[in-house]
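Asks: Can you keep this structure in mind? I'll have questions shortly.
The values are calculated or read from the model by the stated rules, or taken from the named source; none is laboratory data. The shown structure was predicted, so the numbers you read here are calculated from the model rather than taken from an experiment. Positions of Cβ are generated from backbone atoms using ideal geometry, with glycine treated the same way; all protein chains shown enter the neighbour counts.
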Amino acid sequence: MKVIKTLALLGIIVFCASTLPIFLSPMDFSSIVDIDDVDENIYINLDSKDGIELEDPSSINLVIKTNSEQEIYFNPNRMLELEIYSNGSEIEVESVEYAFSKTTIEKNKPLNIIIDISNESLDLPYGNYRFNFKAMSENNLGDNLEIDVSYKLKGSYYQGTSQNNNLTPVKLYFQTKNYDLIPIYRFVENQDQLHNIIEEEMLKGPINEGLISPIDNVNYIILRDTVIYIDLPKDSQVYTGEYSENAYYAFVKSFSQLPNSTRIRFTFDNLVEESWFNGINVRNSIPYPDNINAYIPVLVGERFYLSEKNILFDEEATLQEQSFRIYEYIKTKSNGYFQSLQGIDINSVELVQNTLVVDFNKNLSSVYENNEDLQNLLLDSFLYSFTSIQGVNSLRITINGEPIESFGTYNLSEPITPYQYYNLETINENPA
């Protein structure tokens with residue numbers, strides 16, 4: 001009986017509560033423009049305090065104004081959008097960072113926004129761009145602003161050397177923040193066996209703060225007969241996660257310089273695995289590849305390096321096919337740094353006693369005119385790329401069959417050969 005009374009009492013309470021009105025605390029919404037109440041004569045205006053043509057900007061100051069007597073609200077997470085175009089094509093960019101003074105505007109009380117648009121933060125190479133800013137309020141009042149932005153080519157490039165000054169040269173592979181793998185030459189005072197030197201220097205990592213080591217700890221590395229055995233910890237994410245293939249290539253490419261080694265073998269806590277490094281088959285020992293590469297400029301801080309990109313060819317590919325594909329790769333995959341090559345094409349290629357003669361249809365002299373550093377960068381890109389073709393030891397460049405005298409610091413009246421060591425880790429290692 002007591003239980004029945006209790007249930008009845010609860011039912012009465014619930015019924016009464018459901019019929020009571022709910023009163024909100026009084027709030028004044030009169031100063032906020034409602035979406036349904038927007039006057040068609042009310043507008044917002046997006047403008048730039050810095051003008052609409054900018055050169056090498058680090059940031060831009062935008063202002064949003066209105067003629068409304070009442071406040072217009074902006075969602076801080078989507079008050080502004082940015083689209084970037086190059087030669088009419090939209091470029092994908094991550095969300096931009098901006099600082100703003102407030103989230104509402106009204107007449108004579110604008111909203112100021114400062115946006116970081118440096119090419120470093122947007123990861124844009126040098127060149128000309130059209131920025132399209134879009135401002136949108138919560139009640140769908142909007143405005144667009146187009147800005148023309150140009151970034152000058154900045155950065156220094158240092159040529160290599162063929163002298164080692166009685167030091168041990170070691171080619172190591174490090175990566176950029178964008179996972180471009182870069183060969184770096186380091187000279188060390190070490191008389192140990194070369195495979196031990198390579199291991200020690202790889203584990204030290206890069207000197208340049210803009211570069212990152214693609215490898216983690218190792219259990220051991222030994223040379224037995226002609227095979228390098230590398231045992232790695234199984235629990236390291238560096239060897240299993242996304243982009244872990246860079247660790248694989250760093251090991252393979254670095255140890256391929258050993259004159260007394262022909263293959264490399266990976267184990268993991270002394271166990272053989274079918275695949276590792278983000279899906280690479282490592283069950284058996286791996287012969288060192290003899291790749292054809294394209295060498296592409298990469299800007300790290302204020303210095304250019306040549307990044308090594310492997311190009312796959314069919315076994316039947318002719319010298320002409322290899323040469324044309326290398327050049328097209330350099331033109332189209334050089335992060336925008338070789339834009340001036342557009343319209344410059346190869347007429348023909350010919351191999352004459354291990355010298356590849358490349359004939360272009362237009363003169364290169366206007367490319368990077370008055371900038372020897374960058375002319376050397378372009379020519380070294382050609383030189384190291386074309387000489388990665390089997391049987392090619394040197395390069396000669398002609399224009400419509402006629403020789404050219406010089407480009408950068410190179411004398412092109414004769415065939416040129418690449419420096420033995422390039423991408424020097426420290427500049428004072430170059431004896432030139």
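Asks: Go through the range 375-424 and give me each residue that's closer than 15 Å to S162 by Cβ and among the hydrophobic types (A, V, I, L, M, F, W, C).
Replies: Within the range 375-424, L383, I416, L424 qualify.
Asks: With respect to S307, is the statement that it is surrounded by 14 or more Cβ atoms within 10 Å (Cβ to Cβ) and under 30 Å from L374 (Cα atoms) true?
Replies: Yes; evaluated as a whole, the condition is true for this residue.
Asks: So in the range 237-288, with the set limited to residues that are within 22 Å of the chain's Cα centre (by Cα) and acidic (D, E), which one is modelled with the lowest pLDDT?
Replies: Out of the qualifying residues, it is E242.
Asks: So is K102 in contact with a Lys or Arg (Cβ under 9 Å, 6 or more places away or on another chain), surrounded by 15 or more Cβ atoms within 10 Å (Cβ to Cβ) and charged (D, E, K, R) or not?
Replies: no
Asks: Further question on the same structure: Has the range 28-38 got any residue that is at pLDDT 50 or above, under 15 Å from P110 (Cβ atoms) and either among the acidic types (D, E) or not assigned by the TED database to the domain that holds M136 (or both)?
Replies: Within the range 28-38, not a single residue is at pLDDT 50 or above, under 15 Å from P110 (Cβ atoms) and either among the acidic types (D, E) or not assigned by the TED database to the domain that holds M136 (or both).
Asks: Within the range 137-169, can you find the residues that are within 30 Å of N77 (Cβ to Cβ) and among the charged types (D, E, K, R)?
Replies: If the condition is that a residue be within 30 Å of N77 (Cβ to Cβ) and among the charged types (D, E, K, R), then E138, D143, E146, D148 are the ones that fit.
Asks: Inspect all residues belonging to the range 280-291 and state whether any of them is in a loop (DSSP other than H, G, I, E, B) and within 26 Å of E120 (Cβ to Cβ).
Replies: Looking through the range 280-291, none of the residues is in a loop (DSSP other than H, G, I, E, B) and within 26 Å of E120 (Cβ to Cβ).
Asks: Which of the residues belonging to the range 212-263 are among the basic types (K, R) and either farther than 16 Å from T176 by Cβ or surrounded by fewer than 17 Cβ atoms within 10 Å (Cβ to Cβ) (or both)?
Replies: Listed by number, the residues that qualify are R224, K234, R263.
Asks: Mind listing whichever residues of the range 95-135 are polar (S, T, N, Q), part of a strand (DSSP E or B) and at pLDDT below 90?
Replies: T104, N128
Asks: OK, next. Quick check, is F313 more than 26 Å from L194 (Cα to Cα) and outside any helix (DSSP H, G or I)?
Replies: yes
Asks: Please specify each residue of the range 290-308 satisfying the condition of being in contact with a Lys or Arg (Cβ under 7 Å, 6 or more places away or on another chain) and either in the same structural domain as L364 (by the TED database) or modelled with pLDDT of 95 or more (or both).
Replies: N293, A294, I296
Asks: Considering only residues that are under 19 Å from L306 (Cβ atoms) and either in contact with a His (Cβ under 9 Å, 6 or more places away or on another chain) or part of a strand (DSSP E or B) (or both), which ones fall in the range 180-202?
Replies: L181, I182, P183, I184, Y185, R186, F187
Asks: Please find, among K171, K177, the residue that is in the same structural domain as S285 (by the TED database), at pLDDT 95 or above and not in a helix (DSSP H, G or I).
Replies: K171
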